[in-house]
Amino acid sequence: MVYYVRHTHSHGGHDDHDEDEELVCSSGNDYNGEMLGARISSIFVILAASAIGCYFPLIAKRYKFLKIPDWFFFVTRFIGSGVIIGTGFVHLLVESRHALTNPCLGEFSEYAWTEAIALMGIFVMFLIHIFGRKKLENIYGHSSISMEQSSTESNEKGEEHIVQNVEEESKTDYLRIMNVSLLELGIVLHSIFVGLTLAVTGSEFKTLYIAIVFHQFLEGVGLGSRFAMYRWPPKKTYLPWVLSLVFTLSTPISTSIGLGLRNTYPPGSRTALYITGVFDAFCAGIMIYSSLVDLISHDFFYSDEFDYKNKFKKVLFGYGLLAIGVLITAYIGKYA
């Protein structure tokens, strides 16, 4: 897609062929008026794919009578992690660079804004992580003091150790919930622009339609499997269902808006290029940080998921699933 047009200005008389070319951002889109029925159907197909991907792990984990084996959650979780990190690198960074290096943006397009903004996203995530950790330490720090005083009076060191372990697990759970919620924020913001783009795409609509359906399903599986495995606080058990609903609705709603504006929405305008490029780059930073630090690193190095000494094959199997998720996303990235 070429989102700029060339304006040529001539100087001098008939024998003067000096021309200045000015690149102007496009004010239209590629919508060709074809396949309106298929475009409308994409709203419901993407809604179904997103819902199945995100809700099935939650339902399978909650309702034991379905008898979904544990290996299913293992496989979907690690493939999903691969899909998420692949989306950050292959989809978001590429789309952002395509927007922010558009020649019609002038000198702005000459700087590596995509990488810089993604780095900002990473540092913002890191800062949120730091303050989140500080807040939890303050909360559980007071609890630890009272607990130590109580244990001194009762001289029950065994109970003290148990309480400390419970508190540490609670802190970890809250941090992971906070991180996965921020991860969803990045995914949802990206999904909004995906829906808008799909609605006004021209001859590439069929290919993009299929690619986005698979992409949304796999992202849903990645999020849903994470939601299913976390221990949610007793008063927050509704949150994974709400977060799944937000993800499920984001792309269909934005596609509906795009269809409503299909004759007027200009994805190649200067404003649209700035907004899409900046948000995609920032969301890429969120997804890269979250997937590397909160998902992959935690699963492989800081959880009890793997036994490196006695069951190293399981570690390699998890790594292989992660790679499969990345490869799938990379392949889809060729078309979406």
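Using θ = phi - 60° in the Karplus curve 6.51 cos²θ - 1.76 cosθ + 1.60, the 3J(HN,Hα) couplings for region 316-324 round to 5, 5, x, 5, x, 5, 4, 5, 4 Hz; x is entered for Gly and Pro.
Maximal additional length on extending the VAL45-LYS134 stretch stands at 27.8 nm, based on 0.36 nm per residue less the C-alpha distance.
Give the shape of region 224-293 as rounded, prolate or oblate, defined through the alpha-carbon gyration tensor: a ≥ b ≥ c are the square roots of its eigenvalues, a/c under 1.5 means rounded, and otherwise the shape is prolate if a/b is larger than b/c and oblate if not.
Taking the square roots of the gyration eigenvalues as a ≥ b ≥ c, region 224-293 is oblate.
Taking every protein chain into account, the 1.4 Å probe leaves ASP294 with about 20 Å² of accessible area, to the nearest ten. For region 267-336, the set of chymotrypsin sites (Phe, Trp or Tyr not before Pro) satisfying both a DSSP loop assignment and a count of at most 15 other C-beta atoms within 10 Å is given as TYR308, TYR335. Using the Cα gyration tensor of region 18-143, with a ≥ b ≥ c the square roots of its eigenvalues, what is the shape: rounded (a/c below 1.5), prolate (a/b larger than b/c) or oblate (neither)? Note, shape of region 18-143 comes out oblate. Surface composition of region 197-334: carbon and sulfur atoms hold 69% of the protein heavy-atom accessible area at a 1.4 Å probe.
Computed with a 1.4 Å probe on the full set of protein chains, the accessible area for HIS98 sits at about 100 Å².
Restriction of the trypsin sites (Lys or Arg not before Pro) in region 245-336 to DSSP coil positions whose beta-carbon has at most 13 other beta-carbons within 10 angstrom yields LYS309, LYS311, LYS334.
Of all accessible surface on region 27-109 at a 1.4 Å probe, what whole percent is carbon and sulfur?
Carbon and sulfur together cover 68 percent of it.
Between ILE324 and LEU175, residue separation times 0.36 nm minus the direct Cα-Cα distance comes to 50.9 nm.
Please compute the net charge surrounding GLY121, taking Lys and Arg as +1 and Asp and Glu as -1 over other residues with Cβ under 15 Å from its Cβ. Working shown, then result.
Numbers: positive: ARG97; negative: GLU95, GLU115, GLU184, ASP280, ASP294.
Once positives and negatives cancel, what remains is -4.
Remark: region 200-251 carries 43 Å² of accessible area per residue (probe radius 1.4 Å; ligands, DNA and RNA excluded). Counted residue by residue at 0.36 nm each, then reduced by the alpha carbon distance between them, the extension gain from LEU119 to LYS236 reaches 39.0 nm. Considering only alpha-carbon pairs that sit under 8 angstrom and 6 or more positions apart, the relative contact order computed for region 54-136 is 15 percent.
Here the 3J(HN,Hα) profile of region 65-73, calculated from phi with Karplus coefficients 6.51, -1.76 and 1.60 at θ = phi - 60°, is 5, 6, 6, 7, x, 5, 5, 5, 5 Hz, Gly and Pro shown as x.
The values are calculated or read from the model by the stated rules, or taken from the named source; none is laboratory data. No experiment lies behind these values; they were computed from the predicted model shown. As a convention, Cβ positions derive from the backbone with ideal geometry for all residues, glycine included, and neighbour counts pool all protein chains shown. Only protein heavy atoms, including side chains, enter the accessible area calculation; ligands, DNA and RNA are left aside. Shrake-Rupley method; radii C 1.70, N 1.55, O 1.52, S 1.80 Å.
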